[in-house]
Structures are given as structure tokens and as C-alpha cells.
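J.: I have a structure here, written as C-alpha cells, and I will follow up with some questions on it.
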Amino acid sequence: MSTEEFSVIGKPLAKVDAWEKVVGAARYADDFFLPRMAYAKIRRSDHPHALIKRVDTTRAQALPGVYAVVTGRDFPAVKFGILPVSQDEEALCTDKVRMVGDPIAAVAAVDEETAEKAADLIDVEYEVLPPIMSVEEALAQDKVRIHEYGDGPNIHKAVAFEFGDVEEGFRQADLVREDVFFYQGNTHLPMEQHAAVAQWSPDGKLTLWSSTQTPHYVHRALAKTLQMPPAWIRVIAAPVGGGFGGKTDPFSHEIVVARLAQLTGRPVKIGLTREEVFYCHRGRHPVLMWIKTGVTKNGEILAMHCRSYVDGGAYGSYGVASLLYTGALQTVTYKVPRYKFEGVRAFTNKPPCGPKRGHGTPQPRYALECHLDKVAEQLRLDPAEMRRRIAVDEYTKTANHLTITTCGLRECIDRVVEASGWREKHRKLPYGKGVGFACSSYLTGAGLPIYWNDMPHSGAIVKVDRGGGVAILCGATEIGQGSDSVLTYVVAEQLGIDPKDIRVATADSDLTPVDLGSYSSRVTLMAGHAAAQAAERIRTLLHEAVAKKLEVAPAELVSRGGRVFVKDDPERGVSFAEAAVLGETMHGTLACTGSYTPPKRAGKFKGSGVGPSPCYSYTACVAEVSVDPDTGEVKVDRVWIAHDVGRALNPLLVEGQVEGSVYMGLGEALMEEQVFREGLHKIPSMLEYKSPTTLETPEIYTILVETVDPEGPFGAKEAGQGPLLPVPPAVANAVHDAVGARIDEVPISPEKVARALELKKQGKPARVGPERLPVFKFPEPVKVASAFGEAADPSVKRKTQG
Amino acid sequence: MMRLPPFTYLAPLSVGEAVRMMADHGPEAMFVAGGTDLYPNMKRRQFEPKVLVGLRGIRELVGVRGEATTGLVIGAGTTLTDVSEHPAVREHVPALAVAAGLVSTPPLRNMGTIGGNVCVDPRCNYYNQSYQWRRAIGFCMKKDGDICLVAPGSSRCWAVSSTDTAPVLWSLGARARLVGVGGERVVPVASLFKDDGIDYLAKARDEVLTEILLPPVDGLRCAYLKLRRRGSFDFPVLGVAVALSLDGGRVKTAKIVLGAVASQPREAVEAGALLVGERLTPALIAEVAGVAARPSKPLDNTDLTHPYRKKMTKVFVARALRRLAGLPDSPENEEEVA
Amino acid sequence: MPTKTILTLRVNGETHEVAVPVHKTLLEVLREDLGLIGTKHGCELGECGTCTVLVDGQPVLSCLALPVELGGREILTVEGMAPPGQLHPLQQAFAELGAAQCGYCTPGILLTSLALLADKREPTRDEIRQALSGNICRCTGYTKILEAVELAALRMSGTPSPSPLPQGGRG
Ligand SMILES: Cc1cc2nc3c(=O)[nH]c(=O)nc-3n(C[C@H](O)[C@H](O)[C@H](O)COP(=O)(O)OP(=O)(O)OC[C@H]3O[C@@H](n4cnc5c(N)ncnc54)[C@H](O)[C@@H]3O)c2cc1C
Ligand code: SF4
Ligand code: FES
Ligand code: FES
């Protein structure tokens, strides 16, 4: 792929924020120390499910050094939540707690020790209710209710869709296979524990610095819960020390410090403990899945039917979207002409689940890819070749009306097959060693906003200084993924200047245009487009002014290498700084806006809002493992991964995203699990919640495939989430290749592998996984004609940008 | 941020002074060496001593002395890094170097001492939790409560001995020097422990563990295997220490000591006895491993399930013995190597 | 409030006097009393390595170290890795190769790597893995970190370094 046409795009540059990070100068939320600052602590529930009978703060109030104590009654009686349909959280619980760790009261004090002591002195009287700790219990329980809303006693949401007649597909099939899988919940575990600092000014205005991926939603939640005009609230996202989706909801502690700052007149800081971070959660939903496909003897899918039983935890969070995502993207990787999906999300008395890297899709991906591995085995097909054959075609639609633009999946498959030596290894390595294959696809930004509106999803301002310096103002949030850098590269390329001449100011609700946030892999595409458009507009103004001076037509000019010059006569031109002066002289202050709204392509049926995206990334992965047959321990030796990123705006950053995704996928595959006992999180610590170290992380070989998608800025698609998806199933399939055991549930812990091998010795099927499904009657499916194989809308055209 | 509760810190410069300070302050006081076990526990309010007697400044506690042939002496204040990297330890008692080198992480080993490691507070995942977590579950008898949450009917605590080095020291027949107000004594490491998750050390409060005395090592072969989820950070959820001496191909002495399956290291006496006088054949090893696993009685209070830990006891003992016999790890691979 | 003790600490080659309660950890004193916010924390219990600083050149966990025990010892934080305004080759390599994503684990990892390179001029990849096995990073998958340490080692040993790009990968 030639990147020669570009000066900045495609170059392995350092991240623009790397310099302050390597010297320890970046100020994360917990690094703010303001004069007269007070420290806050939250008193949290001891019970998974209980009514709050009384909260007595007398003893806490009396403790010297305490400035203020608040309970739920000190807030307007308004609930909040990320989705308009699930406004079910309170800043502090007033009448009921739904999980251990639910916030009940809060203290601001002279220091953190005093605040903690005071929080422990708050007396809470509970009336304990029976806890519901699993999806099975939740679906069976109709007397005890966690919430008063939803599609059933403890059912947050139940959905069903059918695109084309799946039964007909099964009838035509050479092989129909059903499997059941379980994907355990796990959490983001960012290294930075959430923190927030609120400052109230005497004129009644509020500023909040927070470790958030979505300052815009925090802004809205604060306005709603504090009943304040949004204009008086300023939310600034500090550099985020890791998010992965865990800092994508507005959180109770953000609202609490704001209220405490208002009451005390002091800046108030809260830094959560690691245990509290586990209570914030919003991580991977535990999902029990059933999948049935009908295939031809070549492995072509004729029909697929998937069911998800989703354990949502105590609150809604993004849950409705998460639930739909467990079904929506099953059709984007392989050709699925007929598709049926049924899903239910139940409430349980555990920290709420939400969007973790890959939001709702790693679980069904695990099911599908392990299932296909079994199909290939049964049909005696090579799993890689079979997948290659059934990969989707570009510029088509899926059964469930999603539009695919570019698709580099076949190239990804070929590249990992080649690089890993797949053909020489699969089913050929000695006992205990194996390779596994899996593919995936993921969206590049959700096509629809979280709250219904027709405004842009991202906006940017590019401003040019008389000296030639350029400032980008954009609401996008840097969480380590490189969003500040991407904005810089895009603008530098458009204006033909050195990235060093650009400063970015991001994620400040007062100063930067709205960007919806760093989630759903949307920032590069959406904020990238907004910034590119703003820069293009600036360039037009500059070219107009320079053209006048040089007495040429604006169309004859180009901006490159820090100059604006005549394309066919490069000697004739001016420096960028001179162009800025000419531009400002002609047009006045040089600042342009840009914005981006994704194409409206959702199908015309209820529930079609989740799944559409401007374009989809594709990934193929091979994992090579060693399994110790005596202990069941699985060691991943190597991972090859090829990712279709559309275009790598900076290959170094893309590789970083891919490697980080592989890492997180391996953690989920092998050891990470959010587990509970007696109503409590069993292991809310960095030590006992197992995150892989350097010693468990294998060599990762990353291959970038470029398809230059017409929807992405310079052709770019996402890279931050998709590459996680194929990793867990690739590992599972490799374990099977190594020792012949099917572990149909993550994590693939040593005891499960050992158990499967023991079963094998006893002559039973060497499988460990869920045995049954809960009894649940899904609603009648919404029946929609399958759009499979239709050509993409004419508005989607192959075009290259530059 | 998890913070320490307030305390007074005393910094004696000699063992005598440390012992006196401890005696003066009675049950309010605790010794601290590297603090890597005690400080996290204090942050979780598992201990709330009013006085800490810091052993860091006592020079005489630091260092490895003597010769392997006559018996190495390891100061209790020697860091785990120094123990694991010490040339004589590596050469003559490799199992000890391995065990010390497998404790948690490199920075932690730069701080933690071998004395502190032997004295590590037994662990339990109902107990190594924050004050707020323990309050939510209702506290247990090891701190702030009166029942055992793992074995509710039990009158004792079953917290798990989680030291890596103690099983090895026990298997080697090491002794410990204790100095207290009442004087000085040298006891086998094997008798330093009690089978109780709370009152786990057979030592007086005011006694300092000053040094560990290794026996002369002559033709001793030893091994240590540790079961845990990750290659670093994690405590053992099973440790197997084996020390053997051979005489003309036959086992002369043998000790197998299991870690992390009870409130103290547990010697598999019967299994060790089966080895004496015999050749280390695959068949004998398999038999001995089965017998060795009998005293392994893990409960459900650590990472990995207890039936699995029990099952792995057998695998690990076999593996340790096979390594000492020069056999491949797994019987499944036997033919390939042979 | 508990009584404070006046302590003298050597941090980044400078002598500081602080008045703090003895139960404040080095992590807290560095961040809250000396304003050295470059030292981060992810657990405060010795379980993540984020808070690693060097004491007399050795990596230690500042969340479990007491300043009262560190009189006369040389403490080095990320702020002191290079003279003001300059970058240590490790910092340079980490920035160039994208070894710092969110950057939160970075100070601890840089300092641990610094200690490693002081000990071994050209460590193997396995030695780097071992040395960094006490520092969790949730962003990078460690790959770029390992490459950056190798690049810095190469540059520090004076071997002319080919290109700052990692090997392999891009095809
Ligand atoms: C994340 C983490 C992981 C860990 N992993 C492991 C592991 O894998 N394996 C393992 O074995 N340990 C592990 N530990 C526990 C501990 O860090 C080590 O055992 C370490 O060696 C303890 O030594 P220390 O000097 O820091 O002990 P300290 O914390 O100073 O003391 C521990 C106890 O011993 C007493 N004590 C210390 N020295 C003496 C002495 N000389 N005389 C009398 N009493 C004394 C103290 O009073 C205290 O009760 C881990 C700890 C953490 C935080
Ligand atoms: S074994 Fe029982 S008493 Fe002991 S710490 Fe665990 S729960 Fe508490
Ligand atoms: S903060 Fe995690 S080890 Fe110190
Ligand atoms: S760069 Fe984010 S944790 Fe390492």
C-alpha cells in the first residue's frame, strides 16, 4: 500500500501525548491538588439486595475534620443512566440497594483518612431482601424484583428477530449443529482507578475533572441530577489511565463530588479504591449462548439461530445495546442468508455490566467461532479454508440489513495462514501442542447516537494562529488509544504542516465542540472526519488568499511540507505562516468548524439501531498453545493476527491497539473472571482478579491489512476493539487441537482442561461447558425479510480520499 | 487510596533492643521487616498495631554467612532477591533459591525478607479483603468476628499457610534461631509452626527470628514446585518441596513437604518413608505421589478450586521426584525421552 | 490528626525535608507532600507495580515503603530519570515506539527498566520479561514496551541503532 502520497498519514510517528507521559508530567484526575481541597469517601452497601430503612449520619457529622455528609435525600429525586430507556441509577441510593457496593452516603473531609473514618461511622439500617445472583435465578424468580421496570419481573429486556425463514434453511442443510456456550463476565481493570475533582465557584458554576471516556454524557448527567443549567457546568476529561469501556457511563461518584463541592464551597476530590472500581464495573456481561446453524457440506451457512441469556447486573447501563450486540454482528463476518436472534437481559444483584472492549460481541463471537470449528471438524474441512470460503463479500448487505463496505477478511485469513504456518501445524503438532483459528468483525462507530437527536456525532474547530501555529479543539477523549494523535495527523495532512506545529485541546465541554466519547471505536472515524473537514475548510480559505497573492487559481495550489505552493511550479509559493497572515488579512480570524454525522442506514424495523456502522473492520487470528496434559495449564506461545484497519493512519498506534486487544483477549480466554460468592465480589483486587503479566503474554505478530474504506477518514477503519474478538475462540480451538478437549466456556482455566481430559480418559466426550439452558419464553420474533446479498445502497461507492 | 492506620514506629539497631521494645509494648506492638506482608494487611485493617518495631535497621540480621558444606546461615533480614541470587544458595540449595525467586514480583522481592516470608500471615480469601468487604460479609474469627466463613461449624481458623520458603526450609531440615526476652533458642523450622490459621507460629510475641541455619548439604538434591495462576505476583495455592539424599542410587533420606494446603506446611511423612532405601523408579514415584497427596486437605479459600489443588498435589509431587530422578515431567512423555 | 515527624529524604538527587505522620507511605509523600505526581498507583497493596520507584537503584513498591525507613537512601522517581528538560534514552524509546498508551503504568515500567539496564547492558527479551513481570500494563500487551527497552539498550550501549521501528509486524 503506498502512503507516498501522504506526508503524515501512514508514518510511524510518536503519539503526541507521549512526551508528557514518559516524563510523568501528564495530569490524570487524581493528580489534581487544589487549594483547600476536601476529600470524599462513599459509604457503600453491605448487602446485595436490601431496602434502606434508615441512614443516620450523626456520628459521622460529629467527627472533627468532616465538612459535609450527604445521603440520597440531599439530591433532587431524579434518576440517571446512560441510555434514555434505562434511567435507573441514583447518585446515592435512597430506598433500596441492589448490590454490595451500591452508594448510600458520602462524606467530604479534611483528608482521605478522616473521610473514610466518617464514612464507616454512618449507621445504615437495612431490611434484607433475597439476592438474585445468576441469570437462571433471575428468570425463574417472579416474586422478588430488583427493578420495577423492564419486560418482566427481573427482565430488563427481551428481544427476538427473524430475518428470512431459518427453519427452511435448516431443512436444506447437509448438517445442522447445535452448541451451548458460556462466556464468564470480566472487567476492564484499567490501571488508573477512577477519580474526579469538582470545583464550585461562588457564582454557582461547576467544573468537574474526571477520568471519563464520555465527558459529554457526564455533562448531561450532572445537569439532570443536580438540576442545573448545562451552561453552568464544565466537564473536563483528564487524560484517562486506561478505560476500555469502564469509564463510559456517568458515575455516582462524579455527581457526589459535585454536590459536596457545592455544599462545602471547596474543591472536592474522590479517588476510588481498586475494590470500588470493581463495583463501578460496566464490564463484560456473562452470557449463556445457544447457537444452531445449518450448513452445506462445504461449510456454507444456510441459516443461523442464536440465543443469548445475558446477566446484566444491578442496573441498566448500556445493557439494551449490549444485549442487541450479542446478536447484531453475528452476520457481518460470514455469509448468513437467514438469521434468527433471541436475547434476554436479566437484572441480578451484582455490579452492572456494560461496554467492555468489543461491547457485547466477544461472547457470541466465542460461541460462533468455536461452533464453526466443530462444524469444520465434523465436515472434515480445514477451518481456515472453510472460513475463507464463507467470508462476506464487500459492498453487500447482511440478512439483518447491515451494510458492509470494504472487507479485507480473505486477505487477513491468507496472511495469518501464511505467517503462522497454519497448514503445516493444524492437526499435525505433537500431543500437547496445537493451533487454533478464528475470525471476527467489528463496527467503526455506532451509526446511531445514544440519545435520540439529529445533530453531529462529532465536532471540531481548527484555528490558525498568525504565527502559523494550529490549534484543534475537539470533544474527543484521549484514553491512551491515541485520539489526540489521530486528530493531529489528520489536520497536519490536510494543511501540509508538521504535526509539531499543532496543539490539541480536547474533551472540555466549555471549549471543545461535542464529541460523543471514546467508545464503540468511533473516534478515529468520526472525530477524524470532523477535524479533517474543519482543516479542509481552513485550507480553502488559505488557498483563496494565497491564490490572490500569487495570481493563480486556488485549485492550482497545494499545501505540503509547511508551504502553500503552485502544484506545477513548486518554487512559487509561500510558507504556511505567511499563508496564515494572508488568510487572516483576507478573511478575518481563521477558525473553521467541521462535524460528522454517520450515514443513516439502519433497517426499517424496531431494534435496528444497534449494529449499523459506517464500516466494519475485519480480523483473522491464529493462536498456538501448549497444554500441559497433567495439570491442564494452557500456555499461549504465539499469536498471529491480521487486521483490516482500512488504512493505518499511524501503523505504530494501530499495532499498539491490536497488541493491546490481543492481550485483553488472552486475559479473558485464560484467567480473568468476575465471580461472586455469598452476594459479594469474590476477588475485588489486582492480586486475585488475574491479569496476565509479561510472563503470560506471548509474542504477538501483527499484520495490518489496508482496504481504504470510502467511509473512513483517509480510508481508516477501527482498530481498538475488533482484534480482541477472535482471540478467545482461537485459543479454545487451539486447546482442542492440542489435546482434543472442547472447553465451551471462558475462562479456559486449568481445572476445566484437566476435567475435560479426565472425562476423555473415562471414555466420555472431552467437553466442559454449560449443560442446559434456562427455561424462558422469548417474545414472538419481529419478522423482517432478509436483506442478505443485496448490493449496498448506491450512496456507498468505492472512492479513495486524500 | 488504601492507607495505613496510624502507629508509632520504633527503629532499634540491635536484636536486643528490638526484643526489649517489643516486650515493653506488649500486644499493641508488632515486628515489621520488609512490610510487604504486614502493610497490605494493615491497610485492610487485618492488623492494627499501635507500635511497629522495625527490623530494617538491624545490620546483624542481614546477609548469608558460612559454607554450604558446614551449613549456610541466612540472616532473617536478608531480602528474597539476595537469597535467590546468592551463589552458594543457588548452587547447593537450589530449591531455596527457586522458592525465594518465585515469591511475588521482582520489586517485592527487593523489599520482602526471608524472615518475613517464613512468618507470613496465613491467607484466606474471606479474610485478605478490605475492612468494608469483611464488614459486608459479616467478619470472621481471624479478625473482628467469631465464626469461620469457610467451615462455618468449625471452632478454628483454616487460613492457608502461604509461604514459599518455609516448605523448602522444612524439607531441608533447616533450623531457626529465635531471640526473645527470655533468651535464645534454636528450633527446627518444622516445629516453628502450629496448625491454626490465627495462632500459626510456635514462637513468643517478643521473639525475633534472627537467622535460619541450613544443615550441611552433602549430595542433597532438592526441588520446589509452585502452583499458581500466573508466573508472578501470585501466592502459592500449592507448594511442593522435596529434599532427598541418595546413596548408590538408593534413597537415603527423603522429606516431602507440602505448602499452601493447610494452615502450616505439612510434611508427607508416610510418603517420604516409602522412598527410603529404594530406587527412584517411575512406578515408585507414582505410588509415593499418591500417598503424599493424602495429607493435602485444601479448603475453598484460595484461588483455583480445592479439588483441583488436591489433585495437583499428586501431580506436583510426582513431578518433583521425577525431576530429581532425571525423568521427564510427565509419564506420558516417557517413551519419547527414553 | 496524628503527630508529624520531620524527615529528610533524598529524592532525585535533591534533599527534601518533610513533616509527615510516620504512617504515610512513600507513595503518598511523593505525591501529596513533594508534588511528584509522576509516581502513580493502581492498588496500594503491592499487587500491580504501578507505584515502583528506585531506592538506591533497586525497584521497590512505594505504596509499601515508609519514608521513615529511607533516611539516607537515594530515591529516584520518573521525574528524576534525566536532567530537567531532557529525556533518558528509555523515555525517548518509549515515546518513539508507542510503548506508552494511556501512560499510567509507564513511570513504574521506565524505572524498573532503568534498573535492569544498569545491571545488564543488553538484556535478552526473556530477561526483560522477567524484570518487568511485576508491572502490569493493561494497554499495550507489553510488546511495544519490550521493544522500547531493547531499543534503548541498543542506543545506550553505543551500537548505532538501525531504525526506531520495531521488527516484524508490518508486512
Ligand atoms: C502481592 C503480594 C504477593 C505476594 N506473594 C507471595 C508469594 O508468592 N509467596 C510468599 O511466600 N509470599 C508472598 N507475599 C507475602 C510477603 O510479601 C512475603 O512473604 C515476604 O517475604 C514477607 O517478608 P517481609 O519482610 O516483607 O515481611 P513483613 O511484612 O515485614 O512481616 C511479615 C510478618 O512476619 C513478622 N516478621 C517479619 N520478620 C520477622 C522476624 N525477623 N522475626 C519475627 N517476626 C518477623 C512480622 O511481624 C509480620 O507479622 C506476597 C505479598 C504481596 C503483597
Ligand atoms: S479460614 Fe475461616 S476463620 Fe480463618 S480467615 Fe478464613 S474465614 Fe476466617
Ligand atoms: S500501587 Fe499497586 S503495587 Fe503499589
Ligand atoms: S500504557 Fe496504559 S497501563 Fe500501560
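The values are calculated or read from the model by the stated rules, or taken from the named source; none is laboratory data. This is a predicted model, so every value here is computed, not measured. Here the Cβ is made from the backbone with ideal geometry for all residues, glycine too, and neighbour counts use every protein chain on show. These accessible areas exclude ligands, DNA and RNA; they are computed on the full protein's heavy atoms, side chains included. Shrake-Rupley method; radii C 1.70, N 1.55, O 1.52, S 1.80 Å.
J.: Output yes when any residue across the stretch C:29-46 is more than 14 Å from chain A (Cβ to nearest Cβ), out of contact with any Phe, Trp or Tyr (no Cβ under 7 Å at 6 or more places or on another chain) and at pLDDT 95 or above, and no when none is.
T.: Going residue by residue through the stretch C:29-46, those that are more than 14 Å from chain A (Cβ to nearest Cβ) are none.
No: zero hits.
J.: Against the conditions (1) surrounded by 24 or more Cβ atoms within 10 Å (Cβ to Cβ); (2) touching a Leu at 6+ places or on another chain (Cβ under 9 Å), where does A:Glu556 fall short? Just the number, please.
T.: For A:Glu556, the failing item is (1).
J.: Also, I was wondering about something else. I need the full set of residues from the stretch C:91-105 which are aliphatic (A, V, I, L, M) and either within 16 Å of ligand 2 (Cβ to nearest atom) or at the interface with another protein chain (Cβ under 8 Å from one of its Cβ atoms) (or both), in order please. Don't jump to the end; show me each part of the working.
T.: Within the stretch C:91-105, the subset aliphatic (A, V, I, L, M) is C:93, C:95, C:97, C:99-100.
Passing the criteria: C:Ala95, C:Leu97, C:Ala100.
J.: Residues in the stretch B:246-291 that are among the hydroxyl-bearing types (Ser, Thr, Tyr) and farther than 30 Å from B:Pro122 by Cα: how many? Walk me through how you get there before you give the answer.
T.: To start, the set of residues in the stretch B:246-291 that are among the hydroxyl-bearing types (Ser, Thr, Tyr) comprises B:253, B:263, B:281.
Filter once more, keeping what is farther than 30 Å from B:Pro122 by Cα: B:281.
Number of matching residues: 1.
J.: Something else now. Assess whether C:Leu76 counts as being more than 9 Å from every other protein chain (Cβ to nearest Cβ), closer than 27 Å to B:Met1 by Cβ and in contact (Cβ under 8 Å) with a residue 40 or more places away in the chain.
T.: Values: more than 9 Å from every other protein chain (Cβ to nearest Cβ): yes; closer than 27 Å to B:Met1 by Cβ: yes; in contact (Cβ under 8 Å) with a residue 40 or more places away in the chain: yes.
Here the answer is yes, as C:Leu76 does meet what is asked.
J.: Any residue at all in the stretch B:271-278 that is among the aliphatic types (A, V, I, L, M), within 14 Å of chain A (Cβ to nearest Cβ) and free of Cβ contacts under 8 Å to residues at least 24 places away in the same chain?
T.: Taking the stretch B:271-278 as the starting set, the residues that turn out to be among the aliphatic types (A, V, I, L, M) are B:271, B:273-276.
Those left that are additionally within 14 Å of chain A (Cβ to nearest Cβ): none.
The answer is no, given that none of the residues of the stretch B:271-278 is among the aliphatic types (A, V, I, L, M), within 14 Å of chain A (Cβ to nearest Cβ) and free of Cβ contacts under 8 Å to residues at least 24 places away in the same chain.
J.: Which of the residues belonging to the stretch A:109-150 are in a strand (DSSP E or B) and touching an Asp or Glu at 6+ places or on another chain (Cβ under 9 Å)?
T.: Scanning the stretch A:109-150 gives A:Ala109, A:Asp123, A:Val124, A:Glu125, A:Tyr126.
J.: For C:Pro123, all conditions in the list (1) outside the structural domain of C:Arg31 (by TED's automatic domain parsing); (2) buried (at least 24 other Cβ atoms within 10 Å of the Cβ); (3) over 27 Å from A:Gln481 (Cβ atoms) hold save one; what is the number of the exception?
T.: Just one mismatch for C:Pro123, condition (2).
J.: If you take just the strands (runs of 3 or more DSSP E) that sit entirely in the stretch A:16-106, which of them hold at least 2 residues that are at positive phi? Even if it seems obvious, please write down each step before you answer.
T.: Working: elements: A:38-44, A:50-56, A:66-71.
Result: empty, no element qualifies.
J.: Has the stretch C:74-86 got any residue that is within 25 Å of C:Pro21 (Cβ to Cβ) and within 16 Å of ligand 1 (Cβ to nearest atom)?
T.: No: the stretch C:74-86 contains no residue that is within 25 Å of C:Pro21 (Cβ to Cβ) and within 16 Å of ligand 1 (Cβ to nearest atom).
J.: In the stretch A:694-730, which residues are among the charged types (D, E, K, R) and part of a loop (DSSP other than H, G, I, E, B)? Steps first, please.
T.: At the first step, the residues of the stretch A:694-730 found to be among the charged types (D, E, K, R) are A:696, A:699, A:706, A:709, A:711, A:717-718.
Once the filter is applied, which keeps residues that are among the charged types (D, E, K, R) and part of a loop (DSSP other than H, G, I, E, B), the stretch A:694-730 yields A:Glu696, A:Glu706, A:Asp709, A:Glu711, A:Lys717, A:Glu718.
This table checks each residue for (1) closer than 30 Å to A:Arg389 by Cβ; (2) modelled with pLDDT of 95 or more; (3) assigned to a loop (DSSP other than H, G, I, E, B).
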{"position": "A:Tyr431", "(1), (2), (3)": "yes, yes, yes"}
{"position": "A:Gly434", "(1), (2), (3)": "yes, yes, no"}
{"position": "A:Phe437", "(1), (2), (3)": "yes, yes, no"}
{"position": "A:Tyr442", "(1), (2), (3)": "yes, yes, no"}
{"position": "A:Pro449", "(1), (2), (3)": "no, no, yes"}
{"position": "A:Trp452", "(1), (2), (3)": "no, no, yes"}
{"position": "A:Met455", "(1), (2), (3)": "no, yes, yes"}
{"position": "A:Ala460", "(1), (2), (3)": "no, yes, no"}
{"position": "A:Leu473", "(1), (2), (3)": "no, yes, no"}
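J.: Six or more apart or on different chains, Cβ under 6 Å: which pairs go from a residue in the stretch B:7-28 that's touching a residue at least 24 places away in the same chain (Cβ under 8 Å) to one that's acidic (Asp, Glu)? Could you list them?
T.: Taking only residues 6 or more apart or on different chains, the pairs are B:Val19/B:Asp206; B:Met22/B:Asp206; B:Ala23/B:Asp206.
J.: Then there is this: Can you name every residue in the stretch B:123-166 that is β-branched (Val, Ile, Thr), near ligand 2 (Cβ under 10 Å from one of its atoms) and not in a strand (DSSP E or B)? Break it down stepwise before answering.
T.: So the first thing to find is which residues in the stretch B:123-166 are β-branched (Val, Ile, Thr), and the list is B:137, B:147, B:150, B:160, B:163, B:165.
Checking the rest, the ones that are also near ligand 2 (Cβ under 10 Å from one of its atoms) come to B:137, B:147, B:150, B:160.
Correct list: B:Ile137, B:Ile147, B:Val150.
J.: Of all residues being of a type in the set (S, T, N, Q) and within 11 Å of another protein chain (Cβ to nearest Cβ) in the stretch C:1-11, which is most open to solvent (accessible area, probe 1.4 Å)? Just the residue, please. Break it down into steps so the answer makes sense when it comes.
T.: Looking only at the stretch C:1-11, we keep the residues that are of a type in the set (S, T, N, Q), and these are C:3, C:5, C:8.
With the extra rule that they be within 11 Å of another protein chain (Cβ to nearest Cβ), the set shrinks to C:3, C:5.
Details: C:Thr3: 120, C:Thr5: 51 Å².
That would be C:Thr3.
J.: Scan B:Val120, B:Val83 and give me the residue that is assigned to a loop (DSSP other than H, G, I, E, B), more than 10 Å from chain C (Cβ to nearest Cβ), under 20 Å from the mean Cα position of the chain (by Cα) and of a type outside the set (Phe, Trp, Tyr). Quick ask: steps written out before the conclusion?
T.: Numbers: B:Val83 fails: assigned to a loop (DSSP other than H, G, I, E, B).
One residue alone meets the criteria, B:Val120.
J.: Go through the stretch C:58-108 residue by residue and tally those that are under 22 Å from C:Thr140 (Cα atoms), away from ligand 3 (no atom under 16 Å from the Cβ) and of a type in the set (S, T, N, Q).
T.: Residues in the stretch C:58-108 being under 22 Å from C:Thr140 (Cα atoms), away from ligand 3 (no atom under 16 Å from the Cβ) and of a type in the set (S, T, N, Q): 3 in total.
J.: Could you give me the residue pairs with C-beta distances under 8 Å whose first residue belongs to the stretch A:609-622 and is of a type in the set (Phe, Trp, Tyr), whose second residue is at pLDDT 95 or above and open to solvent by 10 Å² or more (accessible area, probe 1.4 Å) wherever it lies, and which are 6+ apart or on separate chains?
T.: Qualifying pairs under 8 Å: A:Tyr616/A:Cys407; A:Tyr618/A:Cys407.
J.: Which is in the same structural domain as C:Gly38 (by TED's automatic domain parsing), more than 16 Å from ligand 1 (Cβ to nearest atom) and of a type in the set (A, V, I, L, M), of C:Leu110, C:Leu54?
T.: Working: C:Leu110 fails: in the same structural domain as C:Gly38 (by TED's automatic domain parsing).
Criteria check complete, one pass: C:Leu54.
J.: State yes or no: is B:Arg109 open to solvent by less than 30 Å² (accessible area, probe 1.4 Å), facing chain C (nearest Cβ under 9 Å), touching a Ser or Thr at 6+ places or on another chain (Cβ under 7 Å) and of a type in the set (D, E, K, R)? Give the derivation first.
T.: Details: open to solvent by less than 30 Å² (accessible area, probe 1.4 Å): no; facing chain C (nearest Cβ under 9 Å): yes; touching a Ser or Thr at 6+ places or on another chain (Cβ under 7 Å): yes; of a type in the set (D, E, K, R): yes.
Criteria not met by B:Arg109.
J.: What is the residue count in the stretch A:728-743 for residues that are over 13 Å from A:Val435 (Cβ atoms) and either touching a Pro at 6+ places or on another chain (Cβ under 7 Å) or among the β-branched types (Val, Ile, Thr) (or both)?
T.: Here the count works out to 2.
J.: Considering the stretch C:121-140 alone, what residues qualify as being free of Cβ contacts under 8 Å to residues at least 12 places away in the same chain and either more than 8 Å from every other protein chain (Cβ to nearest Cβ) or in contact with a strand residue (DSSP E or B) (Cβ under 6 Å, 6 or more places away or on another chain) (or both)?
T.: Step one: list which residues in the stretch C:121-140 are free of Cβ contacts under 8 Å to residues at least 12 places away in the same chain, which gives C:124, C:126-127, C:130, C:133.
Matches in the stretch C:121-140: C:Thr124, C:Asp126, C:Glu127.
J.: Taking the stretch B:19-46 as the search range and keeping residues that are open to solvent by less than 10 Å² (accessible area, probe 1.4 Å) and β-branched (Val, Ile, Thr), which one is farthest from the other protein chains (Cβ to nearest Cβ)?
T.: B:Val19
J.: Name, by its number, the condition in (1) open to solvent by 30 Å² or more (accessible area, probe 1.4 Å); (2) closer than 19 Å to B:Phe316 by Cβ; (3) more than 16 Å from the chain's Cα centre (by Cα) that does not hold for B:Leu284.
T.: (1)
J.: Have a look at B:Ile137, B:Ile114 and point out the one that is touching a Leu at 6+ places or on another chain (Cβ under 7 Å) and within 11 Å of ligand 1 (Cβ to nearest atom).
T.: Numbers: B:Ile137 fails: within 11 Å of ligand 1 (Cβ to nearest atom).
On inspection, the qualifying residue turns out to be B:Ile114.
J.: Only one of (1) more than 14 Å from chain A (Cβ to nearest Cβ); (2) closer than 23 Å to B:Pro236 by Cβ is not met by B:Leu284, so which one is it?
T.: For B:Leu284, the failing item is (2).
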